[in-house]
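A.B. asks: Have a look at this one.
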Amino acid sequence: MSQRRGLLIILSSPSGAGKSTLTRRLRDWDQTIRFSVSATTRQPRPGEVDGQDYHFLTEEQFKRDVADGEMLEHAHVFGNFYGSPKGPVQAAIEDGQDVLFDIDWQGAEQIRNSALAAHTLSIFILPPSIKELHRRLVTRDQDSDEVIAKRMQKSWDEISHWGSYDFVLINDDLDKTAEELKTIVQATRLRRLQQPALVEHVRNLQNEFEDIS
């Protein structure tokens, strides 16, 4: 048995709050943290590998997995289904490996109500201000004005669910926020539930105590 159970780490934020950069910082700090590989019913794009980029499923198989409780979370997006298979994540957790999820509040809520809820760590990233959020979306120069407007419209709905997360960080200083994120992960790894070997250790302590009594 692993000395600790892995964590199911959820990172959520509105676009532009710095989640992608913080995710890179977290994985650079600990390269054993791996991304969850999602399942989808859409067709593979050129160069995509089944089981590496996505688990490509038929719609029938996907719906069957949902009905059987084999998806931690799922959604229907632009005509296709997307979801997070439970099996690989459960195996990783039992093996002491942390799995990172980049999902929205709806997916996070489904996972918090799943069979692996006890091993979940959810973190929401807030921007320092809406003005700064808009500035970041504009300066990263990835989207058209129309797309930026849509992202801004969606941002408040996402922010309104901040209260359902275990931790909430205000990303007003990237270096500071990255250090806070590492601290949260380190501390949560030490939760009693994440350390299955503690039971045996305490039993040994009890035996030692009885031997000297």
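The values are calculated or read from the model by the stated rules, or taken from the named source; none is laboratory data. All values derive from a computational prediction rather than experimental measurement. All Cβ positions, even for glycine, are placed from backbone atoms using ideal geometry, and neighbour counts span all protein chains on display.
A.B. asks: Of the residues Val185, Val202, Val147, which is within 17 Å of Ala17 (Cβ to Cβ) and either among the β-branched types (Val, Ile, Thr) or at pLDDT 95 or above (or both)?
C.D. replies: Just a single option satisfies the conditions, and that option is Val147.
A.B. asks: So, one more: Looking at Gly18, Gly69, Gly47, can you tell me which residue is out of contact with any helix residue (DSSP H, G or I) (no Cβ under 9 Å at 6 or more places or on another chain) and either basic (Lys, Arg) or on the phi > 0 side of the Ramachandran plot (or both)?
C.D. replies: Gly47
A.B. asks: Of the residues that make up region 194-210, is at least one within 23 Å of Phe101 (Cα to Cα) and either among the hydrophobic types (A, V, I, L, M, F, W, C) or touching a residue at least 12 places away in the same chain (Cβ under 8 Å) (or both)?
C.D. replies: For region 194-210, residues within 23 Å of Phe101 (Cα to Cα) and either among the hydrophobic types (A, V, I, L, M, F, W, C) or touching a residue at least 12 places away in the same chain (Cβ under 8 Å) (or both): present.
A.B. asks: Ok, one more. Search region 127-143 for residues being of a type in the set (Lys, Arg) and more than 18 Å from Asp157 (Cα to Cα), and hand back the single one that is surrounded by the most Cβ atoms within 10 Å (Cβ to Cβ).
C.D. replies: Checking each candidate, the answer is Arg136.
A.B. asks: What residue, among those in region 77-129 that are in a loop (DSSP other than H, G, I, E, B) and charged (D, E, K, R), is farthest from Ile10 (Cα to Cα)?
C.D. replies: If we take residues in region 77-129 being in a loop (DSSP other than H, G, I, E, B) and charged (D, E, K, R), then Asp95 is farthest from Ile10 (Cα to Cα).
A.B. asks: Check off (1) modelled with pLDDT under 90; (2) surrounded by 14 or more Cβ atoms within 10 Å (Cβ to Cβ) for Ser122 and give me the number that stays unchecked.
C.D. replies: The failed condition is (1).
A.B. asks: Using beta carbons and a limit of 7 Å, which pairs, at least six apart or on different chains, have the first residue in region 115-140 and within 22 Å of Gly6 (Cα to Cα) and polar (S, T, N, Q) and the second one modelled with pLDDT of 95 or more and not in a helix (DSSP H, G or I)?
C.D. replies: Correct list of pairs: Thr120/Leu8; Thr120/Ile10; Ser122/Ile10; Ser122/Tyr165; Ser122/Asp166.
A.B. asks: Pairs only if they're at least six apart or on different chains, beta carbon under 8 angstrom, first in region 146-158 and closer than 21 Å to Glu109 by Cβ, second hydrophobic (A, V, I, L, M, F, W, C) and surrounded by fewer than 16 Cβ atoms within 10 Å (Cβ to Cβ); list them, first residue then second.
C.D. replies: If the second residue must be hydrophobic (A, V, I, L, M, F, W, C) and surrounded by fewer than 16 Cβ atoms within 10 Å (Cβ to Cβ), the pairs left are Ser155/Ile130.
A.B. asks: Restricting to region 1-48, count the residues that are of a type in the set (A, V, I, L, M, F, W, C), within 22 Å of Pro85 (Cα to Cα) and part of a loop (DSSP other than H, G, I, E, B). Steps first, answer last, please.
C.D. replies: The first filter runs over region 1-48 and keeps only residues of a type in the set (A, V, I, L, M, F, W, C), leaving 1, 7-11, 17, 22, 26, 29, 33, 35, 37, 39.
The next check asks that each one be within 22 Å of Pro85 (Cα to Cα); those that pass are 7-11, 33, 35, 37, 39.
Applying the additional criterion that residues be part of a loop (DSSP other than H, G, I, E, B) yields 7, 33, 37.
Summing the residues that are of a type in the set (A, V, I, L, M, F, W, C), within 22 Å of Pro85 (Cα to Cα) and part of a loop (DSSP other than H, G, I, E, B) in region 1-48 gives 3.
A.B. asks: Just give me the residues in region 173-189 being out of contact with any Leu (no Cβ under 9 Å at 6 or more places or on another chain) and in contact (Cβ under 8 Å) with a residue 40 or more places away in the chain, in sequence order.
C.D. replies: Across region 173-189, there are no qualifying residues.
A.B. asks: Let me ask something additional. Mind listing just one residue for me: the one in region 60-78 that is closer than 28 Å to Ala17 by Cβ and of a type outside the set (A, V, I, L, M) and, of those, modelled with the lowest pLDDT? Give the derivation first.
C.D. replies: Filtering region 60-78 down to residues closer than 28 Å to Ala17 by Cβ leaves 71-78.
Okay, now just the ones that are also of a type outside the set (A, V, I, L, M), so 73-74, 76, 78.
Numbers: Glu73: 94, His74: 94, His76: 91, Phe78: 78.
So, considering only residues that are closer than 28 Å to Ala17 by Cβ and of a type outside the set (A, V, I, L, M), the one modelled with the lowest pLDDT is Phe78.
A.B. asks: Check Val66 against each of (1) under 18 Å from Asn113 (Cα atoms); (2) touching a Gly at 6+ places or on another chain (Cβ under 9 Å); (3) buried (at least 19 other Cβ atoms within 10 Å of the Cβ) and name the one condition it does not meet.
C.D. replies: (3)
A.B. asks: Next question, about the same structure. What are the pairs, 6+ residues apart or on separate chains, where a residue within region 59-70 that is outside any helix (DSSP H, G or I) has its Cβ under 9 Å from a residue that is among the hydroxyl-bearing types (Ser, Thr, Tyr) and surrounded by 11 or more Cβ atoms within 10 Å (Cβ to Cβ)?
C.D. replies: Correct list of pairs: Gly69/Ser114.
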